[in-house]
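A.B. asks: The structure follows.
The values are calculated or read from the model by the stated rules, or taken from the named source; none is laboratory data. Computed from a predicted model, the values in this text were never measured in an experiment. Here the Cβ positions follow ideal geometry from the backbone for every residue, glycine too, while neighbour counts run over all protein chains shown. Protein only, heavy atoms only, side chains kept; ligands, DNA and RNA dropped before computing areas. Shrake-Rupley method; radii C 1.70, N 1.55, O 1.52, S 1.80 Å.
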Amino acid sequence: MSAVAVLALAALVTGTGAGFAAATTPSATPVATHAFDTAPATAPATAPTPSFHGTLPAPTGPYAAGEDVIHLTDASRPDPWVPSSGPRRLTVTMVYPAVPGTGTPAPYMTLAEAAGVLRRQKLPASYGVTPQNLSSVTTHAFDGARPQHGKHPLVVLSPAYEDPRMTLTSLATDLASHGYVVALVGHTYEDSGETLANGQTPPCAICDDPALDFDSVTAGRALDVSFVIDRLTQGDTAWPLAHLIDKHEIGVAGHSLGGAAAATTMIADPRVRAGVNMDGTFHPAPMPGQINRPFLMLGAAVDHAPGGDDYTVWEQAWTALGGYKRWLTVAGADHFSFSDLDLLLEEAGFPTPPFSPERGVLITREYVTAFFDQTLKGIHSPLLDGPSPNNPEVVFQN
């Protein structure tokens, strides 16, 4: 069993952030349920030191995926978790439609971010995982790639609680290849570490708080997302390629707590025209009249179909949504099927659920892209009309 399995999966998803699908009420503290729970504490004494190099799926669209990392400071508010650190600081990965064959391969994360993952999980050295192993995962994104001409819708992505922004890289690169500018937001002090402009990579400040109010976390994330939108679309923009963004076509999507934050952002920010919650409990569930714009709920059937632990909360949200909406569940999927994590686990040779991680990535990409194509680009997608023979795992709940 490879160290990256322990690292890339456990380190990025252990703790309360991974278990939003298991919460029974919007205010319930999530419970972690993930494959790493079954990993041995130490590697077998006779096992050779494992080696690993992960590769994310290549984008499926006509464009390449360019990448920039930008650093933002919101001088209007102190950091909500560590006020003594000063104003709220964020690291954001911008992924954009690019000309194939330009730029240089982008790392999955910085060495310091990878080291932060290792520190948080206290992984035994016998697993052979190094910051270099994790940071060198092949992403199919390219630093400094030449952008495609024209303007493109903006999609902001928010990861699961405790998960760095990189865990949604597969989705981000695919959206970019289909003509979207994507902003992957790292929510500082909410995961194993995001490298800031000053070179520091602070650890999670709230991950071990058993009394944490997750409604407050989603509210804070909504402020983060709106601030990112401000800096990408208004005045002296923070990104040299901001001219690529069509500021009238903006969507937000997230995994787990990030999906809850997508809904909270839509309630607070009318600029967001469409939202996606991928396998996350709502914190809190929207009330009638709060979201009258398109919204997609995409989750594992085990938790979000009738009888699932999170079904009641999703049903409450579904009833409240007033715009175009879809509620899809994926039979056999687990909580990590909607991010990079199950795929990295499989590539490392770690035990994985029967549901194919490749199918999880494919389904997530196809349905999220189809939803934004229809709601931000006005391109009708038959994939959203009903069951598809090519995707028999996907069930339309409503």
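A.B. asks: May I ask you to verify whether residue 160 is within 10 Å of the chain's Cα centre (by Cα) and either without any contact (Cβ under 8 Å) to a residue 12 or more places away in the chain or assigned to a loop (DSSP other than H, G, I, E, B) (or both)?
C.D. replies: Values: within 10 Å of the chain's Cα centre (by Cα): yes; either without any contact (Cβ under 8 Å) to a residue 12 or more places away in the chain or assigned to a loop (DSSP other than H, G, I, E, B) (or both): yes.
Criteria met by residue 160.
A.B. asks: Related question: Within segment 189-217, can you find the residues that are farther than 19 Å from residue 93 by Cα and outside any loop (DSSP other than H, G, I, E, B)?
C.D. replies: 214, 215, 216, 217
A.B. asks: Given the criterion over 28 Å from residue 267 (Cα atoms), without any contact (Cβ under 8 Å) to a residue 60 or more places away in the chain and open to solvent by less than 50 Å² (accessible area, probe 1.4 Å), identify the matching residue among 381, 337, 388. Walk me through it before giving the result.
C.D. replies: Values: 381 fails: over 28 Å from residue 267 (Cα atoms); 337 fails: over 28 Å from residue 267 (Cα atoms).
Matching residue, one of 381, 337, 388: 388.
A.B. asks: Which condition does residue 395 not pass, out of (1) assigned to a strand (DSSP E or B); (2) closer than 26 Å to residue 247 by Cα, if it passes all the others?
C.D. replies: Only one criterion is unmet by residue 395, namely (2).
A.B. asks: Moving on. Name the strands (runs of 3 or more DSSP E) wholly within segment 218-334 that hold at least 1 residues that are more than 30 Å from residue 143 (Cβ to Cβ) and open to solvent by 10 Å² or more (accessible area, probe 1.4 Å)?
C.D. replies: Values: elements: 245-255, 274-278, 295-300, 325-330.
Qualifying strands (runs of 3 or more DSSP E): 325-330.
A.B. asks: Of the residues that make up segment 63-80, is at least one open to solvent by 40 Å² or more (accessible area, probe 1.4 Å), aliphatic (A, V, I, L, M) and over 21 Å from residue 131 (Cα atoms)?
C.D. replies: yes
A.B. asks: If the Cβ limit is 7 Å and pairs must be 6+ apart or interchain, which residue in segment 70-98 that is free of Cβ contacts under 8 Å to residues at least 24 places away in the same chain pairs with which residue that is of a type in the set (Lys, Arg) and open to solvent by 10 Å² or more (accessible area, probe 1.4 Å)?
C.D. replies: Within 7 Å, the pairs are 87/77.
A.B. asks: Would you pick out the residues in segment 269-300 that are under 20 Å from the mean Cα position of the chain (by Cα) and aliphatic (A, V, I, L, M)?
C.D. replies: Applying the first criterion (under 20 Å from the mean Cα position of the chain (by Cα)) to segment 269-300 yields 269, 272-285, 294-300.
Those that are under 20 Å from the mean Cα position of the chain (by Cα) and aliphatic (A, V, I, L, M): 272, 274, 276, 278, 285, 296, 297, 298, 300.
A.B. asks: If we scan segment 185-192, do we find a residue that is open to solvent by 10 Å² or more (accessible area, probe 1.4 Å), farther than 19 Å from residue 67 by Cα and either among the aromatic types (Phe, Trp, Tyr) or over 19 Å from the mean Cα position of the chain (by Cα) (or both)? Break it down into steps so the answer makes sense when it comes.
C.D. replies: First pass over segment 185-192, keeping only residues open to solvent by 10 Å² or more (accessible area, probe 1.4 Å): 189.
Okay, now just the ones that are also farther than 19 Å from residue 67 by Cα, so 189.
Then keep just the ones that are either among the aromatic types (Phe, Trp, Tyr) or over 19 Å from the mean Cα position of the chain (by Cα) (or both); that gives 189.
Checked segment 185-192: at least one residue is open to solvent by 10 Å² or more (accessible area, probe 1.4 Å), farther than 19 Å from residue 67 by Cα and either among the aromatic types (Phe, Trp, Tyr) or over 19 Å from the mean Cα position of the chain (by Cα) (or both).
A.B. asks: Among (1) open to solvent by less than 10 Å² (accessible area, probe 1.4 Å); (2) within 19 Å of the chain's Cα centre (by Cα), where does residue 135 come up short?
C.D. replies: All conditions pass for residue 135, except number (1).
A.B. asks: Return the residue satisfying two criteria in turn: it lies in segment 334-356 and is at pLDDT 85 or above and among the charged types (D, E, K, R), and of such residues it is nearest to residue 109 (Cα to Cα). Lay out the reasoning, then the answer.
C.D. replies: Of all residues in segment 334-356, those at pLDDT 85 or above come to 334-343, 354-356.
Subsequent filtering for residues that are among the charged types (D, E, K, R) retains 334, 340, 342.
Working: 334: 24, 340: 13, 342: 18 Å.
Top of the filtered list is 340.
A.B. asks: I need the full set of residues from segment 87-117 which are open to solvent by 30 Å² or more (accessible area, probe 1.4 Å) and either among the hydroxyl-bearing types (Ser, Thr, Tyr) or farther than 28 Å from residue 149 by Cβ (or both), in order please. Let's see the steps before the verdict.
C.D. replies: Step one: of segment 87-117, the residues open to solvent by 30 Å² or more (accessible area, probe 1.4 Å) are 87, 89, 99-101, 103-105, 107, 110-112.
Result: 87, 89, 104, 110, 111, 112.
A.B. asks: Let me ask something additional. Listed residues 303, 246, 309; which is under 20 Å from the mean Cα position of the chain (by Cα) and of a type outside the set (S, T, N, Q)?
C.D. replies: Details: 246 fails: under 20 Å from the mean Cα position of the chain (by Cα); 309 fails: under 20 Å from the mean Cα position of the chain (by Cα).
None of the other options fit; the residue is 303.
A.B. asks: While we're on this one: Go through segment 355-392 residue by residue and tally those that are on the phi > 0 side of the Ramachandran plot and not in a loop (DSSP other than H, G, I, E, B).
C.D. replies: Going through segment 355-392 one residue at a time, the tally reaches 0.
A.B. asks: So for segment 344-354 (the condition being open to solvent by 40 Å² or more (accessible area, probe 1.4 Å) and outside any loop (DSSP other than H, G, I, E, B)), does at least one residue qualify? Quick ask: steps written out before the conclusion?
C.D. replies: First, the residues of segment 344-354 that are open to solvent by 40 Å² or more (accessible area, probe 1.4 Å): 346-347, 349, 351-352, 354.
Filter once more, so that each one left must be outside any loop (DSSP other than H, G, I, E, B): 346-347.
Among the residues of segment 344-354, at least one is open to solvent by 40 Å² or more (accessible area, probe 1.4 Å) and outside any loop (DSSP other than H, G, I, E, B), which makes the answer yes.
A.B. asks: Can you pull out the residues in segment 241-258 that are small (Gly, Ala, Ser) and free of Cβ contacts under 8 Å to residues at least 40 places away in the same chain? Working first, answer last.
C.D. replies: Initially, segment 241-258 is screened for residues small (Gly, Ala, Ser), giving 242, 251, 253-254, 256, 258.
Residue satisfying the conditions is 242 alone.
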